[in-house]
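Below is one structure, written out as structure tokens, with a few remarks after it.
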Amino acid sequence: MNDKTTVDFLKNKSNRFLFVMIMLCILPVFLWTIGSWRHAQSLNELKQTLDSELKLFSSNIVSELEKYEYLPILLSGDPLLKQLLKKDTHNKDEIDQVNRHLSLIQNTTEVSTVYLMNKTGLTLAASNWDKEDSFVGKNFKFRPYFKNAMQGGIGKYFALGTTSNIPGYYVSYPLINNNEISGVVVVKVSVARLENDWLNAQKEVFISDRNDVIIISGSTPWKFRTLYPINTKKRDELIQSRQYADANLIPIDRGRETTIDDFTKRLSIRTPTAREGNAEGWDTVYLRSLPVIGTDWTIHYVYRQANVRQDVINILIIAAFSWLITVLSILYILQRRSLIASRLEYQERHQRTLEEAAVELEKRVERRTRALSDSNQKLEDEIKERQKAEKDLHLAQDELVQAGKLAALGQMAAGITHEMNQPLTAIRSYADNAKILIERERLTDAQSNLGLITELCARLGKISGQLKVFARKTPSQKEPILLSKIITDTLNLLENSAKLENITITNNCEQNNQLVLGETVRLEQVLLNILRNAVDALSDQNDGLIELNLEHSENRMTLLIRDNGPGFKDNDLKHVFDPFFTTKEVGEGLGLGLSISSRIIQDFGGVLKARNHPDGGAVFSIELLKARDG
Ligand code: ADP
């Protein structure tokens, strides 16, 4: 499984659980292996340590004991001792002399005791002659070291002193007088110092002899106990030999034991001080036993197992922690890797999405650009079309205007004729009257008629002048004019027509002296047009009535011309100021009157409006600016 597969595998939660379970199963095996390895290693280390210590201890003992082996040999040639043995009876001084001699030797050599026995085993003199437990007079013929020396050899023996009750190592050698063994000199060496050393070093070390009796030990309770239970016969023999004095030779308490190798055992052991039948004091220990070279002794080292176990426990704790840290580290690393991998994956995905979005955006922009340029093209085409249509429209409009102009011209000609006809008819009738009056010689009346003719001619001149103005638009010349006068003058022009149609004209404006801004002729043209329209509207009625009123506001003056005719139809009212709108018969109206009038009033800065009166009939309002006085 490579890294990536591992990461993928552990991404899954249940896989992670499986991994932890496997690791948990591995844990006991791992701990067992580590524990046994550490146990073996600890034991080996222990063995090495114990061996080196045991060797040191045993060589110490051997050298300590061997150190004094020469002494009895040396003393066997001592003439003073020899002299004493030559006689069977001795006086006190002779004995005393040897006692002091031996005491001196003992002091010098630092041995425990030096003493001299005759061939019967009786102690003749001893270095401890002056002590309570003096050997003098005691018989030690039962001691093997005596027997060995009496046979001519060196005697070596470890025993518990029967008199002193102090254990010691006895070395003996025969004294020869006249080629015959006459006695034995013995040196007792104490092992107390060694034992003290072990005790101080707190080492549980002891030495057993060939009878498996513990003879030297740093700890007193172990002393003169046997390593194993011994049979009664052997026990009796040993007690009889007095080697261990009055010691009971009780075996030490041993429990379950395992042999680790030839020299090492693990066993349950109870400290001898613990009371019988009490589990207290039992301990599992390692017992390492090595022979003491040059003797028939064995040296033992008691090592508390707890130390080895502690080593194993320590290593197991470390191993368990290492396992935990390893598992956690693996999980952490894998988790991190998985995190990094998923982050990378996310980044890649994000990058890909971004790229795709960028591509998509580009495509969209391209599409939009294309669409835009298409619509741009379309727009341009449309603009071109519009321009063309506009051009066509202008052309059509021009044509229409042209046609309109022509029509207007024709209509205007008819209108002009209509306008001119009335004054001309009046002039003709005044001229006819004048002719009759002259014939009758009524010259004053004739003159008056001629004056009227002159006035009418002037009026005709004015009308043609007005037409000239209409044909060529001249800038308006506003001046203060007296509205009431213009109204009266205009009504005079209409008087005849009104009379003909039986129309009553009520002028309520005569008293007014307000000046307004305008131009007399053009304002008369407007009034005339409106009044004539009213007369036309009333032509079918017998009770025709036209009423003129004035209204004031701060700056303006409004002339209201009301008739009691049919008024405007709703639809017509919207179009009455449109050029060429007329409801009259062909040849009777041009439909220009109101549109021209409206334009004239606008030129004066005023407004011309038309409406139906609630009681019937039409109302025209001519709103004009008031002229300032002066
Ligand atoms: P024309 O008099 O040549 O028809 P105008 O522009 O003067 O042209 O008048 C337009 C129309 O307004 C008239 O044809 C008429 O139908 C309507 N009109 C004008 N004055 C009156 C009025 N006092 N009563 C009813 N209709 C009127």
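Laboratory data are not the source of any read-out in this text; all were calculated from the coordinates shown. The structure presented is a predicted model; accordingly, all values stated were derived computationally and were not measured. Glycine gets a Cβ as well: all are built from the backbone with ideal geometry, and neighbour counts include every protein chain shown.
Here the gap between Asn492 and Tyr332, fully extended at 0.36 nm per residue and compared with their Cα-Cα distance, gives a gain of 45.6 nm.
As a rough footprinting exposure proxy, the listed residues Thr353, Thr284 were ranked by other beta carbons within 10 Å of their own, and the order from fewest upward is Thr353, Thr284.
Short-range pairs are left out: with C-alpha atoms under 8 Å and at least six residues apart, the relative contact order of the range 279-345 is 21 percent.
Once a ≥ b ≥ c are taken as the square roots of the eigenvalues of the Cα gyration tensor of the range 160-298, is the result rounded (a/c under 1.5), prolate (a/b larger than b/c) or oblate (a/b not larger than b/c)?
Prolate, because a/c is 1.5 or more and a/b exceeds b/c.
3J(HN,Hα) along the range 137-150: x, 8, 10, 10, 5, 6, 6, x, 4, 5, 4, 4, 5, 5 Hz, from the Karplus curve 6.51 cos²θ - 1.76 cosθ + 1.60 with θ = phi - 60°, whole Hz, x for Gly and Pro.
Expressed as a rounded percentage, what relative contact order does the chain have, with Cα pairs under 8 Å and six or more residues apart?
Details: 882 pairs, mean separation 51.2, N = 630.
It rounds to 8 percent for the chain.
Modelled spin labels at Asn549 and Ser375, positioned 7 Å past Cα toward Cβ, are 6.0 nm from each other. By the rule of a C-alpha distance below 20 Å, with chain neighbours fewer than 8 residues away ignored, the lysines paired with Lys203 are Lys47, Lys55, Lys223, Lys265. Between Ile317 and Val365, the modelled labels are 6.9 nm apart [label points 7 Å from Cα along Cα→Cβ]. Shown here for the range 276-381: GluC sites (Glu not before Pro) in loop regions (DSSP other than H, G, I, E, B) with at most 14 other Cβ atoms within 10 Å, namely Glu276, Glu280.
Going by a ≥ b ≥ c, the root eigenvalues of the Cα gyration tensor, does the range 353-394 fall in the rounded group (a/c under 1.5), the prolate group (a/b larger than b/c) or the oblate group? Could the numbers behind the result be given before it?
Values: a/c = 10.47, a/b = 8.36, b/c = 1.25.
Prolate is the answer for the range 353-394, as a/c is 1.5 or above and a/b outweighs b/c.
Determine, from the Cβ-Cβ distance of Ala192 and Leu56 and an R0 of 22 Å, the FRET efficiency 1/(1 + (r/R0)^6), rounded to the nearest 0.05. The computed FRET efficiency comes out at 0.70.
For the chain, give the magnitude of the charge dipole about the Cα centre (Cβ charges: +1 Lys/Arg, -1 Asp/Glu; no others), in debye to the nearest 20.
Numbers: 79 positive and 80 negative charges, 863 e Å.
With Lys and Arg at +1 and Asp and Glu at -1, about 4140 debye.
What share of the DSSP beta bridges in the chain is antiparallel, in percent to the nearest 5? Kindly include the intermediate steps, with their values, before the conclusion.
Values: 79 of 84 bridges.
Here the share of antiparallel DSSP bridges comes out near 95 percent.
In this Cβ point-charge picture (+1 for Lys and Arg, -1 for Asp and Glu), the range 496-588 has a dipole of about 140 debye about its Cα centre. Each of His552, His300, Ala320 was placed along the dipole of the chain (beta-carbon charges, centred on the mean Cα), and the one lying farthest toward the positive end is His300.
In the range 99-156, which chymotrypsin sites (Phe, Trp or Tyr not before Pro) fall in coil by DSSP and have 13 or fewer other Cβ atoms within 10 Å?
Hits after loop and neighbour filter: Phe142.
The distance between label points at Glu69 and Ile22 comes to 6.8 nm (points 7 Å beyond Cα on the Cα→Cβ vector). For Ile260, the residues whose amide H sits under 5 Å from its own are Lys265, Arg266, ignoring neighbours fewer than 5 places away on the same chain, with H placed 1.01 Å from N.
Could you list Ser595, Ser373, Ser208, Ser497 in order of exposure, starting from the residue whose Cβ has the fewest other Cβ atoms within 10 Å? Write down the numbers at each step before the final one.
Working: Ser595 18, Ser373 10, Ser208 22, Ser497 15.
If I rank by nearby Cβ atoms, fewest first, I get Ser373, Ser497, Ser595, Ser208.
Find the centroid of the Cα atoms in the range 136-187 and in the range 86-131, then give the distance between the two in whole Å. So the two Cα centres are separated by 13 Å.
For the range 535-630, GluC sites (Glu not before Pro) are listed when DSSP marks them as loop and at most 10 other Cβ atoms sit within 10 Å of their Cβ; the list is Glu554, Glu585.
In terms of other Cβ atoms within 10 Å, Lys388, Lys626, Lys141 run from fewest to most in the order Lys388, Lys141, Lys626.
For Lys147, a cut-off of 24 angstrom between C-alpha atoms picks up these lysines, skipping any fewer than 8 places away in its own chain: Lys67, Lys82, Lys86, Lys87, Lys119, Lys138, Lys156, Lys188, Lys233, Lys234. Going by a ≥ b ≥ c, the root eigenvalues of the Cα gyration tensor, does the chain fall in the rounded group (a/c under 1.5), the prolate group (a/b larger than b/c) or the oblate group? Since a/c reaches 1.5 and a/b is larger than b/c, the shape of the chain is classed as prolate.
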